[in-house]
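The values are calculated or read from the model by the stated rules, or taken from the named source; none is laboratory data. Being a predicted model, the structure only gives us computed values, none of them experimental. Every residue, glycine as well, gets a Cβ built from its backbone with ideal geometry; the counts of neighbours run over all protein chains shown. The protein model used for the area step is the full one, side chains on, heavy atoms only, and it has no ligands, DNA or RNA in it. Shrake-Rupley method; radii C 1.70, N 1.55, O 1.52, S 1.80 Å.
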Amino acid sequence: MIFNLQTDPKLSNGTTHFIPLGNFKRLDQPQIQDIEAHLPFSKTEKIEKIWGTLGWKDDKPFHERGVVKFSESGQLTEAKGATLKQIEMLYDIYPEIPLHNHRVRERYIDLDDLDIDLPRNISLQEMKELRLDIFLENNEGAVVYLQHSEKDNYDEEEAFIEYLSPQPTDDLNRLDQRNRLTYHIPFQFQRNLRPNGIQETEGASYNVPVHYLELSDEAPEPVLDDSGTPVTLESTSFIVKVLTFIRSARTPEEALKGFGSALAKQTQKTILKNQLDKLGRNKYSLLKFKPEVDIRNDSGQFMKVQVGSEIDTSARTLLLIHGTFKDTYGSYEDFITKKYADTDHNYLNFLIKKGHYDQILAFDHPYFWDTPEQNAEWLINGLFENVYFEPDKLDILGVSRGALVGMYMATNVVCMQHLRVRKVLTFSGGASGFMDSIAGISKWISVVKIGAPAPVQKLLIGLASIGLNYLEKNSGLAALKSGNPFLNNLYTTPLQHPVIFKAMVADWNRHVVTGKGWIDTSLKRALASGLDTVLKLFLGWQHDWVIGSAAQRKLPQGHNSFPEPSFEYSGRHGSYFLAGFPKVRVGNKWEEADIYHEITSFLK
């Protein structure tokens with residue numbers, strides 16, 4: 001259907017306008033008047049022939065120009081490209097959809113020809129957002145996303161998918177009582193966005209908060225590959241996709257456990273099953289590295305510690321702690337499965353063979369259900385109940401949320417009695433501005449999805465389908481919120497004995513994206529939309545796409561804490577150890593950062 005904003009009748013209650021989505025041309029004037037008499041709609045009212053409405057988030061009148069194209073009723077069988085991938089993932093995490101002969105219905109809204117008066121600036125408070133309301137049956141779920149694909153190529157397979165979360169419905173967030181969902185859609189400008197009105201200069205440092213983005217008349221800043229050659233960023237379409245489906249889960253908890261277990265049954269990798277089953281609720285385990293195992297046997301290089309007596313408390317020990325959406329193998333794959341430098345063994349074996357460590361442990365733990373404090377308590381009150389390391393024998397290396405768990409273990413008074421930590425090295429540890437709002441969490445799961453393994457991508461679309469306010473309020477990820485009490489205590493607690501800390505701090509740079517001379521299509525589409533600049537509003541001027549660099553630099557400062565100067569490099573969250581990706585600026589050019597040398601030098 002095509003809705004002409006100049007000629008077709010909008011729905012109006014006198015103060016605001018809505019575009020009716022669906023077969024609006026079958027509505028006669030008496031029906032339109034009856035609908036308008038009931039505006040604003042209650043949660044239980046549905047409009048015959050209409051599957052949703054579109055207006056402005058702030059309820060301003062819809063005086064814009066141009067046309068909006070959208071589905072009349074949607075389709076069940078003709079999905080292609082990136083949309084087909086999303087539908088296939090929904091079938092995988094909700095097995096009841098095909099089991100009961102149901103299908104996922106695809107609808108779209110094409111906003112490419114919507115002409116609006118552009119604002120001069122946008123900010124988190126003034127984001128220029130549309131409001132989409134969709135009507136559902138009580139047992140229906142929905143996934144809504146922006147599809148950033150090459151303009152006029154609706155079926156592009158590698159489009160960047162930016163998930164949108166529904167606004168909270170009630171305190172319980174029951175999935176089986178949501179027959180209307182509201183989504184806020186950030187308008188896509190495809191302009192060069194200037195943080196705080198400043199045109200960034202290559203090589204300059206801008207370590208400040210970003211309060212607003214100024215819209216220029218220019219296209220987004222170009223991206224360069226490793227050789228300095230500009231990478232073409234094709235214009236992307238402004239397309240909203242709406243997928244609806246029948247599901248049986250009644251609560252977010254039921255849904256999370258259900259699709260986590262479904263994925264665990266599908267994966268053939270044993271090392272992923274514990275991470276996926278019930279979304280990691282039973283994920284707790286302490287692993288011990290076996291240096292004698294061949295590097296090709298990736299799943300056999302760690303053994304599960306059954307009792308505390310298996311741990312040598314007098315040995316020089318390194319403890320690895322993984323990040324969110326990962327386990328030990330996910331976060332430290334490059335330490336485990338790849339040869340280090342010019343040796344015939346991996347990096348963990350290198351650390352042992354060179355005498356840096358005698359023992360390497362790894363801590364697998366759930367990140368959704370338990371807080372960092374509860375993660376540490378499981379270890380201290382369980383396997384480590386009667387384990388007391390000799391002083392200065394234990395070092396910790398933690399990435400992302402795992403860095404927070406590691407710092408807590410080094411500073412908490414009970415943990416200190418057992419561990420007596422010597423050094424802590426963190427990668428991208430700190431609060432994330434994403435976790436402070438539903439809009440931010442939507443951005444977070446969307447950027448984490450880029451390049452993620454298939455099981456993780458399925459987990460992420462599952463999260464989008466239940467409503468991300470659940471994560472904001474009810475999970476172990478709440479520790480990542482800015483200014484939360486956990487972090488405030490972490491950074492100020494006095495220590496009983498000296499501990500040395502160091503932060504490895506990543507800052508994304510548009511000129512360093514390719515690693516080995518390539519850039520995947522999905523990332524190109526994200527960059528064309530200016531997303532990396534929009535993220536500055538949530539994360540600060542410097543960020544690694546998930547954590548702001550300023551937050552990464554924060555380390556414990558209490559008595560007996562000894563923070564060393566951070567190591568600063570350019571890279572993207574999660575790609576810390578991947579050959580070719582972390583970079584440092586040397587003079588006027590970028591060179592590969594020797595991350596492994598920095599790790600070894602600090603920990604030795």
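Counting Lys and Arg as +1 and Asp and Glu as -1, each charge on the Cβ, what is the dipole of region 151-197 about the Cα centre in debye, to the nearest 20? Intermediate values should be presented prior to the final figure.
On the way: 6 positive and 9 negative charges, 82 e Å.
Dipole size: approximately 400 debye.
Of the peptides 583-594, 360-371, the order by per-residue mean of other Cβ atoms within 10 Å, starting with the highest, comes out as 360-371, 583-594.
Pairs 49/458; 85/326; 423/443: which exceed 30 Å Cα-Cα? Where the Cα-Cα span goes over 30 Å, the pairs concerned are 49/458; 423/443. Solvent-accessible area per residue in region 45-101 equals 49 Å², computed with a 1.4 angstrom probe and all protein chains kept. Treating r as the C-beta distance of residue 8 and residue 208 and R0 as 41 Å, the FRET efficiency rounds to 0.35.
If a/c stays under 1.5 just call it rounded; otherwise compare a/b with b/c (prolate if a/b is bigger, oblate if not). Do that for region 458-604, with a ≥ b ≥ c from the square roots of the Cα gyration tensor eigenvalues. Judged from the Cα gyration tensor, region 458-604 comes out oblate (a/c at least 1.5, b/c at or above a/b). Accessible surface for residue 103 stands near 140 Å², nearest 10, in the context of the full protein assembly shown (1.4 Å probe). Taking the protein heavy atoms of the chain in the context of the full set of protein chains, the accessible area attributed to carbon and sulfur is 47 percent at 1.4 Å. Projecting the Cα atoms of 573, 537, 559 onto the dipole axis of region 453-598, where Lys and Arg carry +1 and Asp and Glu carry -1 at the beta carbon, places 537 farthest toward the positive end. Both the radius of gyration and Dmax for region 106-229 are 18.5, 55 Å, in that order, over alpha-carbon atoms. Ordered from largest to smallest accessible area (heavy atoms of protein chains, 1.4 Å probe), the residues 8, 152 come out as 152, 8. Across the chain, how large is the tail of the calculated P(r) beyond 42 Å, expressed as a percent of all Cα pairs? The share of Cα pairs beyond 42 Å in the chain comes to 26 percent.
Strictly over 22 Å apart at the Cα level, which of 10/69; 265/524; 290/338; 283/338; 80/449; 304/554 would you flag in this model? Violating the 22 Å Cα-Cα cut-off are 265/524; 283/338; 304/554.
DSSP loop (so not H, G, I, E, B), at most 11 other Cβ within 10 Å: list which trypsin sites (Lys or Arg not before Pro) in region 348-403 pass both filters.
354
In the chain, the DSSP beta bridges split such that about 70 percent are antiparallel, to the nearest 5. For region 280-367, GluC sites (Glu not before Pro) are listed when DSSP marks them as loop and at most 11 other Cβ atoms sit within 10 Å of their Cβ; the list is 292.
Assign unit charges at the C-beta atoms only (+1 for Lys and Arg, -1 for Asp and Glu), then state the dipole size of the chain relative to its Cα centre in Debye, rounded to the nearest 20.
Working: 67 positive and 78 negative charges, 235 e Å.
Computed charge dipole of the chain: roughly 1140 debye.
Rounded, prolate or oblate: which fits region 23-164 when a ≥ b ≥ c are the square roots of the eigenvalues of the alpha-carbon gyration tensor, with rounded for a/c under 1.5 and prolate only if a/b beats b/c? Verdict is oblate for region 23-164. In the chain, the longest principal axis of the Cα atoms and the axis of helix 252-266 are about 70 degrees apart.
In region 521-604, the convex hull through the Cα atoms has an average projected area of 7.5 nm², a quarter of its surface area. Loop-located GluC sites (Glu not before Pro) in region 345-396 (DSSP state not H, G, I, E or B) with no more than 16 neighbouring Cβ atoms inside 10 Å: 385. Is the C-alpha gyration tensor of region 347-405 telling us rounded, prolate or oblate? Criteria: a/c under 1.5 is rounded; beyond that, a/b larger than b/c is prolate, otherwise oblate. The shape class here is oblate.
For the residues 257, 536, a 1.4 Å probe over the protein chains yields an accessible-area ranking, largest first, of 257, 536. Between the alpha-carbon centers of region 145-202 and region 517-571, tell me the distance in whole angstrom. Taking the Cα centre of each part, region 145-202 and region 517-571 sit 21 Å apart. Ordering 495, 220, 428 by Cα displacement along the dipole of the chain toward the positive end leaves 495 in first place; charges were set at the Cβ atoms of Lys, Arg (+1) and Asp, Glu (-1).
If Lys and Arg each add +1 and Asp and Glu each add -1, what is the summed charge of the other residues whose beta carbon sits under 14 Å from the beta carbon of residue 405?
On the way: positive: 283, 326, 401; negative: 327, 364, 370, 373, 377.
Local net charge: -2.
Taking the charge dipole of the chain about its Cα centre, with +1 at Lys and Arg Cβ atoms and -1 at Asp and Glu Cβ atoms, the residue from 460, 475, 236 reaching farthest to the positive side is 475.
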